[in-house]
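Report on one structure; see the data block that follows.
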Amino acid sequence: MSAAGPAPPDPRALSLNTATVKVRWDLARMIDGCARHGIRGISPWRDKLAELGVGEAARRIRAAGLTVTGLCRGGMFPAADEAGRRAAIDDNRRAIDDAAELGAQCLVLVVGGMPAGSKDLAGARAQVRDGIAAVLPHARAAGVPLAIEPLHPMYAADRACVNTLGQALELCDALDPGGAGVHARTAADGGAWAPAAALGVALDVYHVWWDPALDAQVARAGAARLHAFHVCDWLVPTRDLLEDRGMMGDGVIDLRRLRGLVEAAGYRGLHECEIFSSRDWWQRDPDEVLATMKARHASHC
């Protein structure tokens, strides 16, 4: 990476997270849209996957020649009782099986917050650790890397009590010491990039751009632990903490610098655009959204 930053991205390195066009398109239309716009990757959410059916989705994705950069999402481990915790583990095992059938490069884990009525943040984090430990052998056996996605601290109570890349990597080191691989970047994979460790991280710029320790933690993660890279932008002002993400270039995140950071650490996967935007992008024609994604990826990532 030069002092001026990295060169513009390879235009083939873009992937669509289906949340970006979830309001107006079903998964079949999302797959067709990616093929029509020359977008090479897709990351389905499980609700859209369930509507189409995992087998049919896998068939259509393969026919379109798309890379499945991730399946969204597993996680949500903490619960108020043992029955709830067991149900979460069972659901994650089903998600792993779906990810395997799709050939997904990872299953993204949004780990969950504190159970309703609880104030025990440490206890919730312990449940997350125990939940990942319970499903990791199944993921290894299925050949599906798990990617912990740290979420912005504003979500610590209800969505994710893992809030920094450093916290996520502590879990990786504790539960998957040495980064025992389920995939290897070898000729056996046709030379294609694939996550190397069974447990790693999904780095979403929306959630981590503010972290003063980010540079050091990305370097710590390295190629083995960096399973996914999600892009969008942080708007000022942000009108809704969940559903007011910006298109790349509309906010304050230095996206090109962050891409250079993950690539310097060894990441060679696609760049997945994930935008929750109830007031703006969800209301637009999805073909316009995908065309804008491509242009902004080239100009700002």
* To do: State all residues of segment 246-263 that are open to solvent by 10 Å² or more (accessible area, probe 1.4 Å) and in contact with a Lys or Arg (Cβ under 6 Å, 6 or more places away or on another chain); if no residue qualifies, say none.
  => G249
* To do: From E272, E243, grab the single residue that is touching a residue at least 12 places away in the same chain (Cβ under 8 Å) and surrounded by fewer than 21 Cβ atoms within 10 Å (Cβ to Cβ).
  => E243
* Structure fact -> Among residues of segment 98-117 being open to solvent by less than 40 Å² (accessible area, probe 1.4 Å) and in a helix (DSSP H, G or I), the residue farthest from A196 (Cα to Cα) is L102
* In segment 118-127, is there at least one residue being open to solvent by less than 10 Å² (accessible area, probe 1.4 Å), of a type outside the set (D, E) and either at pLDDT 95 or above or closer than 23 Å to L71 by Cα (or both)? -> yes
* Which members of segment 152-162 meet the condition of being surrounded by fewer than 21 Cβ atoms within 10 Å (Cβ to Cβ) and either touching a residue at least 24 places away in the same chain (Cβ under 8 Å) or more than 17 Å from A122 (Cβ to Cβ) (or both)? -> H152, M154, Y155, A156, A157, D158, R159
* For R259, state whether it is part of a loop (DSSP other than H, G, I, E, B) and either closer than 19 Å to S43 by Cβ or among the basic types (K, R) (or both). => no
* In segment 21-62, residue most open to solvent (accessible area, probe 1.4 Å) [restricted to those that are within 21 Å of P9 (Cβ to Cβ) and part of a helix (DSSP H, G or I)] -> R36
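The values are calculated or read from the model by the stated rules, or taken from the named source; none is laboratory data. Here the structure is a predicted model, which means the values were calculated and not measured. All Cβ positions, glycine included, derive from the backbone under ideal geometry; neighbour counts span all protein chains shown. All accessible areas refer to the heavy atoms of the entire protein, side chains included, with ligands and DNA or RNA removed. Shrake-Rupley method; radii C 1.70, N 1.55, O 1.52, S 1.80 Å.
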